[in-house]
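Single-structure report; data block below.
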Amino acid sequence: MKLMKTIGLAMLASAAMVMATVSAQAAERVLRSSDTHPDGYPTVEAVKQMGKLLEEKTNGRLGVEVFHSAQLGQEKDTIEQTQFGVIDLNRVSLGPFNNIIEETQVPSLPYIFRSVDHMHKVMDGPIGEEILKAFEAHDLVGLAFYDGGSRSFYNSQKPITSVDDLKGMKFRVMQSDMFVDMVGALGANATPMPYGEVYSSIQTGVIDGAENNWPSYDSSGHFEVAKYYTLDQHLIVPEVLVMSKKTWDSLSAEDQAAVKEAAKESVPYMRDLWQAQEKKSEEKIRAAGAEIVTDIDKTPFIEAMKPVYDKYVTSDKLKDLVKRIQETQ
Ligand code: GTR
């Protein structure tokens, strides 16, 4: 009887090893990763790819299962669960970290990056590494940055062609005090709320609109209820993949290195998917009849952001980060 059991287990183990290359569920230890986006979205696919690479690098010791579509909760809650070690990995925008990790405010500042290329130069270099390190004091390990394109305002009421048009309107922002002030500086009112509540809040008129990039505006369906999109591109906020420090501490040094490598190697994969998705989403949204304002003078928007910089960039550490980002060519 005992022998039968042992043979059975051995067979199961070898079956698991064969499966390991095919499916994350077959890895000896499957790390749970959260994402608010639906299956197929570039961030979800990038973390799946990271998991595949991790399985290869660890010979099946570690794999990743992505719980997409906010199955594990909205971003603010999943961040807490990741800090507690209930969730192993989390792919989130830097925005919801702003109130917790001061350094994440800097790449989340409106108009801090001149372009996506500028953002890549900064986040792929020593400044990016410094910001990733800052997560450790908060029970998290920063692994890699992904793309989040640029975010612009959309609403259900009217085309916005100037800062003046925003006056008195109500926009949802991510749960970050800095974004509340950013919208306030433009003369509009901000309501911080979880992503999952935005669609119905626009539909019922609780808010006039929100702000996001093309792929999120598309996959969330927000374009169906808020068809005026103005490309003011006030934010180029990177997204980040983090690991729970508890999970990290449970891994051998070799497996920790494999996690870091797999995460970094998933970045170019993500960027390719992202570029393709931005185009696809833009085409779909235009075809659906959304009204896109592209011809917009950004200077008054940029100038209006000065109070946000004055309020948030106060410590020497943040001032220095801002200066070095602005100096990065
Ligand atoms: C998306 C981002 C998500 C989430 C969302 C939001 O662009 O990828 O992580 O932050 O925006 O606005 O809440």
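Using a Gaussian network model of the chain whose springs link C-alpha atoms within less than 10 Å, name the residue from His234, His68, His138 with the highest mean-square fluctuation.
Of His234, His68, His138, the most mobile in the Gaussian network model is His138.
In terms of modelled amide H atoms, which long-range or inter-chain residues lie less than 5 Å from the amide H of Val64?
Residues meeting the criterion, in which the H sits 1.01 Å from N, are Leu31.
To the nearest 10 square angstrom, what accessible area does Leu72 show with a 1.4 Å probe?
30
If a helix is a whole DSSP H run, which ones in the chain reach 24 Å or further along their own axis (Cα) and hold a mean Kyte-Doolittle hydropathy of at least 0.5? Spell out each step's value before the answer.
Details: long enough: 2-20 (27 Å, 1.42); 253-287 (50 Å, -1.18).
Those that pass (Cα extent of 24 Å or more, hydropathy at least 0.5) are 2-20.
Considering only protein heavy atoms and a probe of 1.4 Å, how much of the accessible area of the chain is carbon and sulfur, as a whole percent?
Numbers: 7770 of 14610 Å².
Its accessible area is 53 percent carbon and sulfur atoms.
What is the dipole size for the chain, taken about its Cα centre, with +1 at each Lys and Arg Cβ and -1 at each Asp and Glu Cβ, in debye to the nearest 20? Walk me through the numbers before you get to the answer.
Working: 35 positive and 48 negative charges, 111 e Å.
Computed about the Cα centre, the dipole is about 540 debye.
Tell me the accessible surface of Asp295 in square angstrom (1.4 angstrom probe, heavy atoms of protein chains only), to the nearest ten.
My reading of the accessible area for Asp295 is about 140 Å².
Assigning unit charges at the beta carbon (Lys, Arg +1; Asp, Glu -1) and nothing else, what dipole magnitude in debye, to the nearest 20, does the range 233-329 show about its Cα centre? All intermediate terms of the calculation are to be shown ahead of the outcome.
Details: 16 positive and 18 negative charges, 45 e Å.
In total the dipole reaches around 220 debye.
By how many nm would the segment from Thr204 to Lys246 grow when fully extended, if each residue of separation counts as 0.36 nm and the alpha-carbon distance is taken off?
Result: 11.0 nm gained on full extension.
What is the distance, in nm, between label points placed 7 Å from the Cα along the Cα-to-Cβ direction at Glu224 and at Asp177?
Distance between label points: 3.7 nm.
To the nearest 20 debye, what charge dipole does the range 125-269 have about its Cα centre, counting +1 at the Cβ of each Lys and Arg and -1 at the Cβ of each Asp and Glu?
On the way: 11 positive and 21 negative charges, 91 e Å.
Dipole size: approximately 440 debye.
Restricting to DSSP H runs of at least four residues, report the calculated mean residue ellipticity at 222 nm for the chain, -39500 (n - 2.57) per run over all residues, nearest 500 deg cm²/dmol.
Numbers: 15 runs with 155 residues, N = 329.
Mean residue ellipticity at 222 nm (helix-derived): -14000 deg cm²/dmol.
Need the full-extension length gain, Glu265 to Asn99, defined as separation in residues times 0.36 nm minus the C-alpha distance. One decimal, nm. If you can, show how the numbers build up before the last one.
Values: separation 166, 0.36 × 166 = 59.76 nm, distance 2.89 nm.
Length gained between Glu265 and Asn99: 56.9 nm.
Given a Förster radius of 56 Å and the C-beta distance between Ser162 and Asp39 as r, what FRET efficiency does 1/(1 + (r/R0)^6) yield to the nearest 0.05?
Details: r = 39 Å, r/R0 = 0.69.
Calculated transfer efficiency: 0.90.
Probe of 1.4 angstrom, ligands and nucleic acids ignored: what's the accessible area per residue over the chain, in square angstrom? All intermediate terms of the calculation are to be shown ahead of the outcome.
On the way: 14610 Å² over 329 residues.
Solvent-accessible surface per residue comes out at 44 Å².
Using modelled backbone amide H atoms (1.01 Å from N, in-plane), which distant-in-sequence or interchain residues come within less than 5 Å of Tyr146's amide H?
Glu239, Val240, Leu241
Holding the Cα-Cα limit at 31 Å, pick out from Lys48/Lys298; Lys158/Lys319; Lys158/Lys280; Lys133/Lys284 the pairs that are longer than that. Before the final figure, lay out each step's value.
Values: Lys48/Lys298 37 Å; Lys158/Lys319 37 Å; Lys158/Lys280 24 Å; Lys133/Lys284 38 Å.
Table pairs above 31 Å Cα-Cα are Lys48/Lys298; Lys158/Lys319; Lys133/Lys284.
For Lys298 and Glu283 in one chain, what is 0.36 nm times their gap in residues minus the Cα-Cα distance, to one decimal in nm? Kindly include the intermediate steps, with their values, before the conclusion.
On the way: separation 15, 0.36 × 15 = 5.40 nm, distance 2.34 nm.
Full-extension gain reported as 3.1 nm.
What is the distance in Å between the Cα centroid of the range 266-329 and that of the range 64-110?
If you average the Cα positions of each part, the centres end up 19 Å apart.
Spin-label point model (7 Å from Cα, Cβ direction): what's the Asp272 to Val86 distance in nm?
Modelled inter-label distance: 3.7 nm.
Just reorder Arg32, Arg91, Arg271, Arg114 by solvent-accessible area, largest first, 1.4 Å probe, all chains present. Don't skip to the end; give the middle numbers.
Details: Arg32 80, Arg91 0, Arg271 50, Arg114 135 Å².
Reading off the accessible areas and sorting them downward yields Arg114, Arg32, Arg271, Arg91.
Would you kindly find the accessible area of Val180, with a 1.4 Å probe and non-protein molecules such as ligands, DNA and RNA excluded, rounding to the nearest 10 Å²?
The accessible area of Val180 comes to roughly 50 Å².
I'd like the projected area of the chain, averaged over all directions, using the convex hull of its alpha carbons. Report it in nm² with one decimal. All intermediate terms of the calculation are to be shown ahead of the outcome.
Working: hull surface 72.9 nm².
Mean shadow area of the hull around the Cα atoms is 18.2 nm².
The values are calculated or read from the model by the stated rules, or taken from the named source; none is laboratory data. Since the model is a prediction, treat every value here as computed from it, not as a measurement. Cβ: placed from backbone, ideal geometry, glycine included. Neighbour counts: every protein chain shown. Remember, those area values only see protein heavy atoms, side chains included, never the ligands or the DNA or RNA. Shrake-Rupley method; radii C 1.70, N 1.55, O 1.52, S 1.80 Å.
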